[in-house]
Amino acid sequence: MFAQDVFTQQRAFWLLEAERSKPELHKEICYPVRLVNAINDRTVWQDWRMESVGDPDVCYQMSFKEKQQVLFDFGRHLTGYLTFRLTTLSRVQDAPIKLRFIGAEVPSEVSTPFDPYPGTLSRGWLQDEIITITEIDRDITLPRRFACRYVKVELLGASADFDFALSKIYVTAQTSVQVRPSSLPESTETKIKQIDLTALETLKECMQTVYEDGPKRDQRLWIGDLYLESLANIYTYKQLSLTRRCLYLLAGLSAEDGRLHANVFEHPIPHPQTGTFCMDYSLLYNLTLLDYVKATGDMQTAEDLFPVVEMQLHHALSYVSNGLFDQHLHEPRLWLFFDWCDGFVPDASIQGLLILALNRSAELVRMIGRKAEANKWTQLARKMKIAARRAYYRPDIGLVISGDGQQISYLSQSWMILSGVLSPKEARRALENVMQSPSAVRPRTPYAWHYVIEAAITCNMHHEARKLLTDYWGGMLDKGADTFWEVYDPADSSLSPYHFAPVNSYCHAWSCTPAYFIRRYPDIFQQ
Ligand code: RAM
């Protein structure tokens, strides 16, 4: 259909704009606060907890050959580069020293053997680094950026003929966040204050020179993560030039047919993960741009990126027949994400998201005077709503169903609510019903729970929204979270989309949205 690059004219300019909005990174030197031992304890989350064993100074002075290994606790999650020094204690270095470093976001990560590796994502993501040191008595910085609270150092090889100490270790932590958002009112419930702080910390760690999804993994810009990070940023740090950068970067790196790649990398030069498209993420781009424009009043960016918005709708609408989104309508086969949940049937959800995206895109282009497109899109949304009710809403049971198997899930209800397909009364009933149905498919990530909470707020279920937030995110806190996790199912501590929990990210962008909910809806969360 597209013989040539649809964005030939704009691409270079968009990438330039992205570069112009690239933030500075702020650096901070952080030292460990204590030495710890990892204790196997079946009563705690993931079976491991840390126990204090002293002050880091103890290690700095003693022979590392005697000590053999040490586990540092930096007291909080850090993203940055690890520097250390080995100092001669006696005689002269006559052979290289081999050390193994393991960076860990959570206690289980430092204690679970990595090999034989059962995971489905590259083992390369695990933060273990073996290095050979031929010259000591100088500072050495590991080339790899770590995301960690704990660092284990193990001695793998040293000469019998001389002795040395591990005399210094620190992390140069980095983030592009420069400000501290105002604190919540004193009267806010303590649990909510703690959730807010942890959410802010999570977002701060992920705000680098793009919104990363996770500083440990995948360290790149994914559109779904961007949407939620930018939303939280609007209500917290308010550093929206980062959103601007990411919007232009994604635009500049879109495919020749105008579809956005689901994720992009910055280094060595900006490039997309070619061939990776995710329909729900593409549509969320439009929502992100609208939020950004409303928060900043930056109409120029809206004008510039209008063609991208239009293209995402164009591609999505090519899967719509008789008002219904049909993922099997034609090739290429689509990736619809919505959650890391095996067996989730996304039909109702994508229908809802497309309706929402049409309406939000219409709102956006109306702001730049494009009435014709706005009217066209709102009309299409209306048609899709009617079709959605017929296909997915079962008034007899008061629930939204999805797919041939009539699957009932939290997400199907939520997306139908967010898109306005259900009336407020129906919406309430659907959410109440799904919450009472033990067989309903539940979300498995903070990403998916975000939309459930947003839906609950949309239909005035304030009490339920607050309870979902405090139970779910509060549950992570109770289990020791310093930053919020990529996946969390209170019933399954080894849950991993990649079949190995240590490769999960434990500081994950998409879990930062309590900071948004709490600040956007003070009546619900700050009373
Ligand atoms: C994972 C990342 C990211 C998410 C994608 C779909 O690889 O964790 O956050 O957006 O999946």
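I'd like to check something: does the stretch 508-523 contain any residue that is over 18 Å from D225 (Cβ atoms) and open to solvent by less than 10 Å² (accessible area, probe 1.4 Å)? Reasoning before the result, please.
From the stretch 508-523, those over 18 Å from D225 (Cβ atoms) are 518-523; that's our starting set.
Now restrict to residues that are open to solvent by less than 10 Å² (accessible area, probe 1.4 Å): 518.
Checking the stretch 508-523: at least one residue is over 18 Å from D225 (Cβ atoms) and open to solvent by less than 10 Å² (accessible area, probe 1.4 Å).
Given the options K216, K238, K204, name the one that is within 19 Å of the chain's Cα centre (by Cα), open to solvent by less than 10 Å² (accessible area, probe 1.4 Å) and basic (K, R).
The conditions single out K216.
Counting only residues that are of a type in the set (D, E, K, R), part of a helix (DSSP H, G or I) and open to solvent by 60 Å² or more (accessible area, probe 1.4 Å), how many does the stretch 157-201 have?
Taking the stretch 157-201 first, the residues of a type in the set (D, E, K, R) are 161, 163, 168, 180, 186, 189, 191, 193, 196, 201.
From the residues that got through so far, the ones that are part of a helix (DSSP H, G or I) too are 191, 193, 196, 201.
Next, only the ones that are open to solvent by 60 Å² or more (accessible area, probe 1.4 Å) stay: none.
Counting residues in the stretch 157-201 that are of a type in the set (D, E, K, R), part of a helix (DSSP H, G or I) and open to solvent by 60 Å² or more (accessible area, probe 1.4 Å) gives 0.
Condition first: part of a helix (DSSP H, G or I), away from the ligand (no atom under 16 Å from the Cβ) and more than 23 Å from F306 (Cβ to Cβ). Now tell me which residues in the stretch 208-254 satisfy that.
Listed by number, the list holds a single entry, Y235.
In the stretch 66-86, how many are in contact with an Asp or Glu (Cβ under 6 Å, 6 or more places away or on another chain) and open to solvent by less than 60 Å² (accessible area, probe 1.4 Å)? Before you say what the answer is, go through the steps one by one.
Looking only at the stretch 66-86, we keep the residues that are in contact with an Asp or Glu (Cβ under 6 Å, 6 or more places away or on another chain), and these are 69, 76-77, 79, 83, 85.
After this cut, where a residue has to be open to solvent by less than 60 Å² (accessible area, probe 1.4 Å) as well, the list is 77, 79, 83.
Selection size over the stretch 66-86: 3.
Taking interchain pairs and intrachain pairs at least six residues apart, which have beta carbon atoms under 6 angstrom, with the first residue in the stretch 120-131 and under 18 Å from Y150 (Cα atoms) and the second assigned to a helix (DSSP H, G or I)?
W125/V503
So how many residues does the stretch 311-362 have that are in a helix (DSSP H, G or I) and buried (at least 17 other Cβ atoms within 10 Å of the Cβ)?
Filtering the stretch 311-362 down to residues in a helix (DSSP H, G or I) leaves 311-317, 347-362.
Subset that is buried (at least 17 other Cβ atoms within 10 Å of the Cβ): 311-313, 315-316, 347-362.
Qualifying residue count, the stretch 311-362: 21.
Find the residue count for the stretch 494-507, including only residues that are surrounded by fewer than 24 Cβ atoms within 10 Å (Cβ to Cβ), part of a loop (DSSP other than H, G, I, E, B) and more than 10 Å from the ligand (Cβ to nearest atom).
So the count comes out to 5.
This table checks each residue for (1) more than 30 Å from D482 (Cα to Cα); (2) modelled with pLDDT of 95 or more; (3) in the same structural domain as S108 (by TED's automatic domain parsing).
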| position | (1), (2), (3) |
| --- | --- |
| M1 | yes, no, no |
| R11 | yes, yes, no |
| L35 | no, yes, yes |
| V44 | no, yes, yes |
| E51 | no, yes, yes |
| E66 | yes, yes, yes |
| R76 | no, yes, yes |
| S90 | yes, yes, yes |
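List the number of the failed condition for L334; all other conditions in (1) at pLDDT 95 or above; (2) aliphatic (A, V, I, L, M); (3) within 16 Å of the ligand (Cβ to nearest atom) hold.
If we test L334 against (1) at pLDDT 95 or above; (2) aliphatic (A, V, I, L, M); (3) within 16 Å of the ligand (Cβ to nearest atom), just (1) comes out false.
The values are calculated or read from the model by the stated rules, or taken from the named source; none is laboratory data. Predicted model, so just to flag it, every value in this text is computed and none were measured. Reconstructed Cβ throughout: ideal geometry from the backbone, glycine too, with neighbour counts over all protein chains shown. Accessible surface areas use protein heavy atoms only, side chains included; no ligands, DNA or RNA. Shrake-Rupley method; radii C 1.70, N 1.55, O 1.52, S 1.80 Å.
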